[in-house]
Each structure stands twice: as structure tokens, then as C-alpha cells.
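First comes the structure, then the notes that go with it.
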Amino acid sequence: MTISRRRFLGLTAGVGTAATGCSTATPTSTGQLLPSRITLPRPFTVPLPPMPVLRPSSASGGRDVFDLVQRPATLEVLPGVRTDLLTYGGTFPGPLLETRSGRPAVVRHRNALEVPVSVHLHGGHTPSTSDGYPTDLVSPGESRDYTYPMRQRAAMLWYHDHRMDFTGEQVYRGLLGVHLVRDDEEDALPLPHSDREVVLAIVDRSFDEHGQLHYPSADAGAGEHAHHHAESPGIDDAHIEGVLGDVMLVNGAAWPVMEVDATRYRLRLLNGCSSRRLDLALDPPPPAGAMFTQIGSDGGLLTTPVAHKHLVMAQAERFDVLVDFSKYPVGTQVTLRNRFGSGPMGAVMRFVVARRASDDDSAPADQLPHRLSEIEPLDTTSARVREWSFTRGKVHGRPGWVINGEPFDPEEMAATVPLGKTEIWRFRTDLHHPVHVHLDPFQVIRRGTSQGPGPFDHGWKDTVDVRPAEHVDIAVRFTDYKGRYVIHCHNLEHEDRMMMAAFATT
Ligand code: C2O
Ligand code: CU
Ligand code: CU
């Protein structure tokens, strides 16, 4: 170990954010900036890495079987710098999985790490035993088959670690990946595909002077090595607001650049940050037409395309958007900005419009079918209303985060919800708390004082951006699987400091 805890705290104290109290490093996110201690690369010099794809090891018997080994790896995340990571299959992020709606998939995880893990398929309609309950651990050396019936529509899901008390740290150190579900309905639409469908997994991270990921674990010093055994739970007391990195990574590369043809692209966006909210926009904006045409959200296709001039994305949210680079002259450099960030964090990546294209078989945004898909509006007449408040609170005498005043207890069901019954769940907050519900997607019915959902709440959602002192009503209906599931804040430091509640479906 080379950095003492004292030195670590001394260096981070300069950020000017109080350790406790109502501090936020930026008013747009709840969290504290952790400055890197290494020279950062110049933006827009590294090419966007292709997403590694994991093919099934077997596709017989009507189901796809994937094999993934969770193991430590040392990778070049920043150019010329070696960083120890916890990985799915040796890459960061983990490999892209693609499965078909209605066709079961089994992901066989072997844990070759030195820490316990639990795998959650975020957005998956998954039986409880494969949902990655925080205490349902796969110990080092063990294997586990996670079974996904895939009785759900096409959507961009993502998988990540969900270990009790350590989700923030283990995801930060690399345990996340993207999982696309496909179906015939989506295949039939004239959307950009192949090389022109691009998954962009955005995360922020900080690096210490040795190029290692900088995460303020409670277990002083243990976080120096990717293969450590942490003993005390999660984040240290000084960083429970959340961890904001100062390096933007897209598909594991810092502020990358991607050459595009002057034509239409489909971008599948994930905000995989622990605590950072994003507000994405293209700079310069296209001279004509929509900046982003949203066609899908967390839970798949919208009913109709929606034009946006920017995209606010809370942690864990996904947006499926079309961008038309044919509106730009060849040679234009188009920066994907984060309007919530300043300095280097005000940018995400860059596109360079490199050449004309003559082979585009996708439809322009204004010629897409007006009806992309059908979404049955959940009927909330006579729905039971349940309130969930997300606030700061004491967790066993230490500072933390609570739901309805209670810290997470994995053995205690905060609610018992009958399958098939639509309920209204009302979320109230003190600070920024993106709320995520397992098992089934939901529909946002009301945000704040408005009579309806906000501009970024369209379609089936599984995570909703609830801002300080806001209330959001959703309609949710659980189906198929009886068991125990969780609802939690997707600021992962809040989650690890107990902003989670269990519910049972019956
Ligand atoms: Cu993406 Cu329960 O988490
Ligand atoms: Cu989830
Ligand atoms: Cu929170």
C-alpha cells in the first residue's frame, strides 16, 4: 500500500465539499468530486473501442448458454497506463450479450475474483432466484447459472454487480456490461443497424497517481488493489453523498472519438455512472432537424418517436436515439457534450463526420412509422397508492440513506405486492435519488406539480430520475414471478448505505 488514508483524505479535502450535511459537488448531481492524481489524456484522441461481443457457447435445446468468468484483469483504460479492474470476462466494460425475446438464456458465471459477487440483469424480467438479490452471493471459486426466461420485449438491459454493501465499489472497479434483447417487432422497423447501431456505455471514474481506480472504501487501503478483500462495508463515511469521477469513459475509453458516415445512426445510451447525472447535447447542433429522436427508453420502443434538444439521463437510465449526421457537412467535428458538467466533464466524446454514405437503408426520422410499438397504459383506477420516501438518515448509528425512514434489511419485506395488480407508487426525495424497481418496468404518470410525466419519462421505465424535494408517481404491475425483489436508489453509494427496500410478490 502506498497511500495512507490520511493522505488520501487530505488530498480530497480540497474539493470544497463538506463531508456531511446537504453538500453537493454540483447542484445537478448528489455526490462529491474525487479528483484524479494522474495526468489525464487529451480528449478526443483515443478511438471509441468496439464493444466486445460474447457469443453463446451453446444454442441448443431452445436456449442460449453464455459463459462468463469474473476475474481480475489489468487493462489499458488510459493510454499508456495499466489499471487493475474487476471484470466480466477480462474486458471493461464486460462483453455485450444479445438475446431474443421469448428465448431463454442462461448466463453461467464463474467467480474467479477474490470477492463475493451477485449478478443483476437490470431491466430483466427475471425470477427472483436469478435476479441477483444483494445477499444471494456467489462466493470466490463458485459458479452460478443465472437463468433469464426473456419473456420481455426488445430493450437495452445492462448487467452489473449487486453485492450487499459493495455494489458501488464493485461496479466502479469494472463489473458492468450491456445486454440487448431483440425481437421481431424491432427488427421490422427501418432503423440504422450493424455498424450504425452503437452502444455507448458512459461512466465517470477517477484515477490515483499509479493509474489505479480511486475509490474511497471504508476499508482503508484495501481499495488499492482490484483483488482485495474488503471487510467493512462499502464507501467511507466522508463520501456517502456519492462518488463523482473526473474522467469520462465511453465503452472503457476516456473521451473517445468515433468516425461516422454522414448518415443516420442509432445510439443506445447508458448512464452507468454511480452518482453523476448527465445532460447530453450535440455541439454544434444539427443545422436542421431534431438533435436526438428518441425511439426507446429503459423498457424498449416508445409508441411514437420523440424529438429532443438535449437528454437528461440519471444513473442507470437508457435512451435509444437516432442522430442524423447527414445534416452536417463532411469534416464536421460533433462533440457529445454533458451540459451538467464543466471543464473536461462538460464533454463525453466526439464524432467526426468522415465521409458521405450512399448505402443507408434506414428511414429518416420524419419518415419513421408514426406507430413504433404499442404500449398498454396501465389502468390506475382503484389502484392502491404506496408511498416511498428517499431521504438521508441514520443507519445503525452511522450516516446513511433510508427509505421510509428505514435502512435496508434483506430479511424484512417492506411491501407485499400481489402479482397482476396495478399499484401507484409515489416517490418523494430530499436530494437527487434515481429510483429503480426490479422485476417489471413501470410508467411514469405524474412528475411534481405537472399533470403528467416529464419530457424524459416516456415509455416503459425501470429507473426514474427523482430530483431534490420532488415527487413522482409511477404505475407498476408485477407479473409472473413470485419472490423477493428490491427497490433502491441507483446512486450506488446511497444504495450501499442502505437506500434499498425489499418487497415480496405473491
Ligand atoms: Cu441496476 Cu438493483 O440495479
Ligand atoms: Cu434492476
Ligand atoms: Cu439516492
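Bear in mind that the values in this text are calculations on the coordinates, not laboratory data. Worth saying up front: this structure is predicted, and the values here are computed from it rather than measured. Ideal geometry is used to build each Cβ from the backbone, glycine not excepted, and the neighbour counts take in all protein chains shown.
Values as computed for the structure displayed
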| item | result |
| --- | --- |
| Sorted by Cβ density within 10 Å, fewest first, the residues S217, S101, S194 | S194, S101, S217 |
| Tensor-based shape of segment 197-367 (alpha-carbon gyration tensor, a/c under 1.5 rounded, otherwise prolate or oblate) | prolate |
| Global form of segment 384-505, assessed from the alpha-carbon gyration tensor, a/c cut-off 1.5 | oblate |
| Over the chain: helical MRE at 222 nm, DSSP H runs n ≥ 4 each giving -39500 (n - 2.57), nearest 500 | -1000 deg cm²/dmol |
| Cα extents of segment 258-346 along the three principal axes, largest first (Å) | 37, 36, 20 |
| Spin-label proximity, Q333 to segment 28-51 - amide N less than 16 Å from point 7 Å beyond Cα toward beta carbon | 41-48 |
| For the chain: rounded, prolate or oblate by the Cα gyration tensor [a/c cutoff 1.5] | rounded |
| Two-site FRET efficiency, S342 against T449, from Cβ-Cβ distance with R₀ of 41 Å, rounded to 0.05 | 0.90 |
| Partner lysines for K421 [C-alpha distance under 18 Å; skip if fewer than 8 residues away on the same chain] | K461, K482 |
| Sequence of L86, L137, L78 once ranked by neighbouring C-beta atoms within 10 Å, starting from the fewest | L137, L78, L86 |
| Neighbour-count ranking [beta-carbon atoms within 10 angstrom, fewest first] of T505, T28 | T28, T505 |
